[in-house]
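The values are calculated or read from the model by the stated rules, or taken from the named source; none is laboratory data. Note that this is a predicted model, so its numbers are computed, not measured. Please note: Cβ atoms are built from the backbone with ideal geometry, for glycine as well, and neighbour counts cover all protein chains shown. Quick note on the areas: whole protein, heavy atoms, side chains included, nothing else; ligands and nucleic acids left out. Shrake-Rupley method; radii C 1.70, N 1.55, O 1.52, S 1.80 Å.
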Amino acid sequence: MQLMSEKGAAGGGLRERKKRATRAALAEAAVRLAAEHGAEKVTVEAISATAGVSVRTFFNYFDSRDDAFVVIDADAGARMRRAVLDAPADLSPLAALREAMAAELAEAEQQHELWRLHAEVLHASPHLLARGVGAHMAAEADLAEAIALRLRGDGGTDGPGLYPRLLAAVAGAAVRTSMDHWSAHQEEAAFLDVFHEVFTLLAAGLPAPSA
């Protein structure tokens with residue numbers, strides 16, 4: 001799950017907010033240029049110029065041109081991991097993960113067009129899609145580790161077991177399902193309402209709907 005949000009930035013200083021804004025501008029420029037011209041035709045120079053920064057600044061945020069297409073917000077995973085670990089102790093792991101994800105998705109409706117373009121760019125380029133899948137799997141593994149640490153509460157280093165891995169995977173699927181459903185029914189409900197409804201169904205054990 002690749003997210004793009006300025007949530008969490010408010011808690012940092014001005015320098016940190018500016019860095020996040022610059023990274024977001026570069027990522028958005030890369031995605032929009034790739035959607036229009038094809039990723040293989042987009043240069044670092046074009047991305048930098050569109051974002052209004054130098055090529056040197058580009059490489060302060062991305063190791064390569066392809067990274068700008070794939071990793072929209074590299075800090076989102078770390079913010080969600082920290083939110084899961086810092087959530088109130090009385091929240092279930094599912095509820096803690098729901099709240100962490102909801103904070104990142106608060107601007108989903110405003111970012112919807114960019115996310116759609118991002119998906120199109122990845123699917124149009126097999127090697128970018130493969131990198132995107134790898135980034136998603138890494139983010140999911142990080143969330144599973146955070147869930148495992150929360151369950152243990154001891155800072156242990158054992159890898160996550162079945163439950164944390166399953167919960168992280170199911171939560172990722174829930175976000176995708178929420179986005180797909182909302183995209184097709186935008187006039188019926190706000191995205192976060194759909195998102196919370198999906199997690200309510202998960203918390204209830206996915207009971208079959210009444211006839």
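Of ALA119, ALA95, LEU143, which is farthest towards the positive pole of the range 76-187's charge dipole, taken about the Cα centre with +1 and -1 on the beta-carbons of Lys, Arg and Asp, Glu respectively?
Checking the options against the dipole of the range 76-187, the answer is LEU143.
In percent, how large is the relative contact order of the range 39-102, given Cα pairs closer than 8 Å and 6 or more residues apart?
Contact order relative to length: 22 percent.
Just to check, using Stokes-Einstein with a Kirkwood Rh over alpha carbon pairs, what's the diffusion coefficient of the range 52-110 at 20 °C and 1.002 mPa s in µm²/s?
158
For the chain, what % of the accessible area comes from carbon and sulfur atoms, probe 1.4 Å?
56
Compute the separation of the alpha-carbon centres of the range 156-211 and the range 74-97 and state it in Å as a whole number.
15
Let me have the 222 nm mean residue ellipticity of the chain computed from DSSP H runs of 4+ only, each contributing -39500 (n - 2.57), with the sum over all residues rounded to the nearest 500.
It comes out at -22500 deg cm²/dmol, rounded to the nearest 500.
Counting only protein chains, not ligands or nucleic acids, how are VAL70, VAL170 ordered by accessible area (probe 1.4 Å), most first?
VAL170, VAL70
For Cα pairs less than 8 Å apart in space and 6+ apart in sequence, what is the mean separation divided by the residue count of the chain, i.e. the relative contact order in percent?
21
Going by average Cβ density within 10 Å per residue, which order do the peptides 14-21, 98-105 take, highest to lowest?
Per-residue Cβ counts within 10 Å, averaged per peptide and sorted highest first, yield 98-105, 14-21.
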